[in-house]
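Participant: Here it is, the structure, as structure tokens.
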Amino acid sequence: MSATKQGLIAALKQCAVLMEVSGENPFRCRAYEQGARVIEGLEGEPADWIEQGLLAKTKGIGKGLGEKIEEWVESGRLEMLEELQRKVPAGLLEIENIPGVGPKKTKLLWGEMGIDTLEKLEAAAGDGSLAELPGFAKRTAEKILAGIEQRRRYSERHSLELATLAAKAILERLRPLPRIGRIELAGSLRRSRETVKDLDIVATSTDPKPVMRAFVETPGVESVIAHGETKSSILLEGGLAVDLRVVEADQFAAALNYFTGSKQHNTALRARAKRMGYKLNEYGLFPDTDKSNLKPLPTPDEAALYAHLGLACIPPELREDMGEIEAAEQDNLPELLTSAQMIGVLHCHTNYSDGRNTLIEMATACHEAGYKYLGVCDHSQTAAYAGGLKPEDVARQWDEIDRLNTKFKGFRILKGIESDILADGSLDYEDDLLEGFDLVVVSIHGGMNMGEGEMTDRICRALEHPATTILGHPTGRLLLRREPYAVDLERVLETAAKHRVVVEINANPWRLDLDWRWIRRARAMGCRFAINPDAHDTAGLKHIPLGVGIARKGWLGPKDVINTKPLNAFKSWLDKRKTSKRIEEAAAHES
DNA sequence: GCCGTTTTCGGCCCGACTGTTTTCAGTCG
């Protein structure tokens, strides 16, 4: 992602928050927020949009935002943002971020008491002086102190590793309760977002009180944020918040839909409902036109709800207001990949390099989980920190693979490697050795601080190598821990498509890389994908469904993903690919 | 600031919970 577009998005988002805090018209703030989101989904660079006259046709970008974008392209600055920054102290953004404190309270704290940093707020909440403000009493001060403490201790979002485990535990605790009917996970986890802020659970019960009590008494609860008849919230140790909503049985589909979101999808859905003469909320779809008739339309499930709105049922992963409603309207939703369609496991490590299990343990685990092949891809020799394989280790591993393959029935181990992409873009072994692998994943593991141009050249050169099969974790990000390295993904994906290099969707919950927002774009460019666990032990195989979720979020079907191929088809696909690469190479040499 | 086959002005999703209040504003999702 280029700095220009990203910078613009960040600038607009910051405008929105600063305007909110300074008491600007909330709808104007929202327009900025919305505008930032809209351009996030636009392809190419801001300069191109202007040149192509794209902005005038883009919903959500009007005259005002269009001018801001032009200003950004021409000068790289936004006068308005700089003015807001002069006017509004940076600390107010942190204050506004504290749970229970919104723009109004922030403005009051600043205007009445001159509080513009977390430290000042903490002091005022501690010594009781906050009580002078209207609407601020003892509980508010306590909540603020707890909120500051929590923000210090925990980051805002959580990995899917933690979130999926917590969700499973809570559902298993509540599901067997006597008066509970249906209970489902909603929220961003149901939509397969790559990280989550909190968990949302929706249930039906004829007697919500004991359900709520069991919920707030869940083991591992650090505090109870709210405890009501229909809604309760808890904070788990580790900082993950969980909301539970209990609704009537006939409200379940509407509530599940509402709490699954996304917010943007909901907003669009409600606007559509309104246009059709309905009112949509978490309790149902109501015929708004007749005020005396308040019975909701029957919605036994989400499909029925969407059907009333003239839409095919939209899978949760697609509900991001990124074209799914239009597709559902035209009955043009994609046929999405499922976990059951994953047949082969690629890119796994063993104790030949930095994995924790042996080759046979990894292969057995794959076999027992129902997969038909394992492409083992240990680290290459330069990755000394990870015990990368010297050529003699490769030979040793190949021997073992050959031996094991005579013993498995209906399962095969393929000879792969995860080759470091060296600083100059070359791969980590001599070509003769590389030729011998069934598949070669190429990845960046060091030298991540290169400039964007150099890094992009480096990766593209590796993609041009005839032995390269798959580009591993294309941006190198570690979610919530490390930003992606600087790289022009557009050019990388173009190069991958041109050389028929498969793009990895790394299923490790800290990576989930390629990012789902890029997947549709990459597919349109002609890329194909592999969903790989990058497992370093047998437990890591459980991450494959997370990668499938990300692929679904990127609108991918089984045909887009190479490891949905049965073993023989996959083998012949690899062989054909190798042969044609050889022919291409020979032709290139001759000319 | 955006938008329009009811509209170029006047809307902009909507409801629960909390804390502070005697009827509601702010926050959150």
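Any read-out appearing in this document is the output of simple, stated calculations on the displayed coordinates, not a laboratory observation. Only a predicted model underlies this, so the values are computations on that prediction, with no experimental measurement involved. Please note: Cβ atoms are built from the backbone with ideal geometry, for glycine as well, and neighbour counts cover all protein chains shown.
Participant: Convex hull volume of the Cα atoms in segment A:451-505, per residue, in Å³?
Facilitator: On the way: hull volume 3.8 nm³, N = 55.
Output value, Cα hull per residue: 69 Å³.
Participant: Consider a paramagnetic label point 7 Å from the Cα of A:Glu335 along Cα→Cβ; state which residues of segment A:546-563 have an amide N under 14 Å from it.
Facilitator: A:556-561
Participant: While we're here: If you wrap a convex hull around the alpha carbons of segment A:476-554, what volume per residue comes out, as a whole number of Å³?
Facilitator: Output value, Cα hull per residue: 89 Å³.
Participant: To continue, here is another question. Taking 4 °C and 1.567 mPa s as the conditions, I'd like the Stokes-Einstein D for segment A:150-222 in µm²/s, using the Kirkwood hydrodynamic radius from alpha carbon pairs.
Facilitator: 98
Participant: If you don't mind, another one. D for segment A:187-256, whole µm²/s, Stokes-Einstein with Kirkwood Rh over alpha-carbon pairs at 4 °C and 1.567 mPa s: what number?
Facilitator: On the way: Rh = 12.6 Å.
This corresponds to a translational diffusion coefficient of 103 µm²/s.
Participant: Assuming a ≥ b ≥ c are the square roots of the Cα gyration tensor eigenvalues, decide whether segment A:207-340 counts as rounded (a/c under 1.5), prolate (otherwise, with a/b larger than b/c) or oblate. Don't jump to the answer; show the numbers that get you there.
Facilitator: Numbers: a/c = 2.44, a/b = 1.44, b/c = 1.69.
Oblate shape, in that a/c is at least 1.5 and b/c is the bigger or equal ratio.
Participant: Which aspartates and glutamates have a Cα lying under 14 Å from the Cα of A:Lys415, excluding residues fewer than 8 positions away in the same chain?
Facilitator: A:Asp378, A:Asp393, A:Asp399, A:Glu400, A:Asp402, A:Glu435, A:Asp438, A:Asp575
Participant: Given C-alpha coordinates of segment A:107-194, what is the ratio Rg to Rh with the Kirkwood estimate of Rh?
Facilitator: Reported Rg/Rh, Kirkwood definition of Rh: 1.19.
Participant: How many Å³ per residue does the convex hull of the Cα positions in segment A:431-476 occupy?
Facilitator: It comes to 74 Å³ per residue, whole-number rounded.
Participant: Could you pull the Rg and Dmax for segment A:35-97, using just the Cα atoms, both in Å?
Facilitator: Answer for segment A:35-97, Rg first and Dmax second: 13.9, 41 Å.
Participant: Using alpha carbon centroids, what distance separates segment A:1-80 and segment A:441-469, in Å?
Facilitator: Cα centroid to Cα centroid, the span is 32 Å.
Participant: Right, here's the next one. When the gyration tensor of segment A:31-174 is built from Cα positions, what are the square roots of 5 times its three eigenvalues, in whole Å, from largest to smallest?
Facilitator: For segment A:31-174, the ellipsoid semi-axes come out as 37, 26, 12 Å.
Participant: Please report Rg over Rh for segment A:423-519, where both radii come from the alpha carbon positions and Rh follows the Kirkwood definition.
Facilitator: With Rh from the inverse mean 1/r over Cα pairs, Rg/Rh is 0.95.
Participant: Counting only DSSP beta bridges with both residues in segment A:411-514, what percent are antiparallel, rounded to the nearest 5? Walk me through the numbers on the way to the answer.
Facilitator: Values: 2 of 11 bridges.
That works out to approximately 20 percent antiparallel.
Participant: Let's see if you can work this out: charge +1 on each Lys and Arg Cβ, -1 on each Asp and Glu Cβ, no other charges. What is the dipole magnitude of segment A:253-346 about its Cα centre, in debye to the nearest 20?
Facilitator: Numbers: 9 positive and 13 negative charges, 104 e Å.
Roughly 500 debye for segment A:253-346.
Participant: Describe numerically, in nm with one decimal, the distance between label points set 7 Å from Cα along Cα→Cβ at A:Arg275 and at A:Ala90.
Facilitator: Distance between label points: 4.3 nm.
Participant: Over segment A:367-499, what relative contact order in percent results from Cα pairs under 8 Å that are six or more residues apart? Please list the in-between numbers first.
Facilitator: Numbers: 210 pairs, mean separation 27.8, N = 133.
Here the relative contact order equals 21 percent.
Participant: As a check on your grasp of the helix formula, calculate [θ] at 222 nm for chain A: sum -39500 (n - 2.57) over DSSP H runs of n ≥ 4, divide by the residue count, round to the nearest 500.
Facilitator: Rounded to the nearest 500, the figure is -13500 deg cm²/dmol.
Participant: Label A:Glu361 and A:Asp207 with points 7 Å out from Cα along Cα→Cβ: what is the distance between them in nm?
Facilitator: About 4.8 nm separates the two model spin labels.
Participant: Just the number, please: percent antiparallel of the DSSP beta bridges in chain A, rounded to the nearest 5.
Facilitator: 40
Participant: Another question about this same structure. Positive end of the charge dipole of chain A (Lys, Arg +1 and Asp, Glu -1 on Cβ, about the Cα centre): tell me which of A:Ile148, A:Pro316, A:Ser443 has its Cα farthest that way.
Facilitator: My answer, from the dipole projection, is A:Pro316.
Participant: What percentages make up the Cα-Cα pair-distance distribution of segment A:1-64 when the bins are 5 Å wide from 0?
Facilitator: 4, 19, 26, 25, 15, 8, 3, 0
Participant: Among A:Ile9, A:Ile69, A:Ile360, A:Ile144, which comes first, second and so on when ranked by fewest other beta-carbon atoms within 10 Å?
Facilitator: Values: A:Ile9 19, A:Ile69 22, A:Ile360 15, A:Ile144 25.
Sorted ascending by nearby Cβ count, the order is A:Ile360, A:Ile9, A:Ile69, A:Ile144.
Participant: So, one more: If one computes the Cα centroid of segment A:499-545 and of segment A:574-591, what distance in Å separates the two points?
Facilitator: Answer, in whole Å: 26.
Participant: Report the Stokes-Einstein translational diffusion coefficient (µm² s⁻¹, integer) for segment A:390-442, Rh taken as the Kirkwood radius over Cα pairs, at 37 °C with viscosity 0.692 mPa s.
Facilitator: Estimated via Stokes-Einstein, D reaches 270 µm²/s.
Participant: Give, in whole angstrom and from largest to smallest, the semi-axes √(5λ) of the equivalent ellipsoid of chain A, with λ running over the eigenvalues of the Cα gyration tensor.
Facilitator: Working: eigenvalues 396, 181, 134 Å².
They are 45, 30, 26 Å, listed from largest to smallest.
Participant: Using a simple spin-label model with points 7 Å from Cα along the Cα→Cβ vector, what separation in nm is obtained for A:Glu82 and A:Ala10?
Facilitator: 1.7
Participant: Measure out, as a whole number of angstrom, how far apart the alpha-carbon centroids of segment A:114-188 and segment A:248-270 sit.
Facilitator: 23
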